[in-house]
Amino acid sequence: MLMALGMFIFDLPTLAHDELQRRASWRHARSPRVGARDATQFVGPGEETINLSGAVYTEITDGRVSIDDLRTMAASGEAWPLLDGAGTVFGDFVIEAIDERHAYLMIDGRAQRIDFAIDLLRVADRGGAA
């Protein structure tokens with residue numbers, strides 16, 4: 001298992017991403033001062049996003065079904081716990097966007113390769129922590 005988002009497992013039989021991009025920010029309130037740099041005060045965590053991207057080859061697995069499963073999860077609006085195969089818990093995330101690109105189309109229009117990208121946004125964990 002590469003990662004799990006709720007009950008969805010990212011792995012070879014479903015969707016195996018080959019890139020993970022993570023971005024976290026922190027908020028600082030600013031107060032301008034004359035003749036000096038702005039004064040700042042830490043006000044808490046900002047946005048945390050994760051982008052998973054990769055390609056699925058339909059000769060190995062039908063990635064369309066897995067992408068449709070993720071679309072259903074996204075449409076529910078629910079937050080899902082995200083963890084990796086090493087046991088690291090990243091927190092609760094919602095699916096903000098799913099991009100897909102179909103390539104090497106066969107005569108019936110089915111793709112032999114589907115490139116995908118999934119944008120996740122961290123939300124307040126169920127316990128109330130951010």
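The values are calculated or read from the model by the stated rules, or taken from the named source; none is laboratory data. Fair warning: this is a prediction, and the values are worked out from it, not measured in the lab. Please note: Cβ atoms are built from the backbone with ideal geometry, for glycine as well, and neighbour counts cover all protein chains shown.
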Subject >> Options Asp18, Asp84, Asp62: the member that is farther than 20 Å from Gln112 by Cβ and acidic (Asp, Glu) >> reply: Asp84
Subject >> In the range 25-59, the residues that are among the hydrophobic types (A, V, I, L, M, F, W, C) and under 14 Å from Ile118 (Cα atoms) >> reply: Ile50, Leu52, Ala55, Val56
**OP:** Enumerate the pairs (first residue in the range 106-117 and under 16 Å from Ile60 (Cα atoms) and basic (Lys, Arg); second residue anywhere and in a strand (DSSP E or B) and at pLDDT 90 or above) with beta-carbon separation below 8 Å, excluding pairs fewer than 6 apart on the same chain, so at least 6 apart or on different chains.
**Re:** Arg113/Ala55; Arg113/Val56; Arg113/Tyr57; Arg113/His102; Arg113/Ala103; Arg113/Tyr104
Original post:
Pairs, please: C-beta under 6 Å, at least 6 apart or cross-chain, first residue within 16 Å of Ala117 (Cβ to Cβ) and in the range 4-15, second outside any loop (DSSP other than H, G, I, E, B)?
Top reply: Leu5/Trp80; Leu5/Leu82; Phe10/Met3; Phe10/His17; Thr14/Ser66; Leu15/Val56; Leu15/Gly63; Leu15/Ser66
Original post:
Does the range 39-50 contain at least one residue that is part of a strand (DSSP E or B), in contact with an Asp or Glu (Cβ under 6 Å, 6 or more places away or on another chain) and of a type in the set (S, T, N, Q)?
Top reply: no
Original post:
Taking the range 64-112 on its own, how many of its residues are in contact with a Leu (Cβ under 6 Å, 6 or more places away or on another chain), farther than 14 Å from Asn51 by Cα and either of a type in the set (Phe, Trp, Tyr) or outside any strand (DSSP E or B) (or both)?
Top reply: 3
**OP:** Sort through Asp69, Asp62, Asp115 and tell me the only one that's surrounded by 12 or more Cβ atoms within 10 Å (Cβ to Cβ) and either touching a Phe, Trp or Tyr at 6+ places or on another chain (Cβ under 8 Å) or of a type in the set (Val, Ile, Thr) (or both).
**Re:** Asp69
Original post:
Quick check: is even one residue across the range 113-121 within 13 Å of Thr49 (Cα to Cα), among the β-branched types (Val, Ile, Thr) and in a strand (DSSP E or B)?
Top reply: yes
Original post:
What do you reckon, is Ser66 of a type in the set (Ser, Thr, Tyr) and under 29 Å from Ala111 (Cα atoms)?
Top reply: yes
Original post:
basic (Lys, Arg) and within 17 Å of the chain's Cα centre (by Cα) - does that describe any residue in the range 29-48?
Top reply: no
Subject >> Verdict on Arg110 being at pLDDT below 95 and out of contact with any Phe, Trp or Tyr (no Cβ under 8 Å at 6 or more places or on another chain) >> reply: yes
**OP:** State which residue is surrounded by the fewest Cβ atoms within 10 Å (Cβ to Cβ) when the search covers only the range 25-57 and only residues that are of a type in the set (Gly, Ala, Ser) and touching a residue at least 40 places away in the same chain (Cβ under 8 Å).
**Re:** Gly44
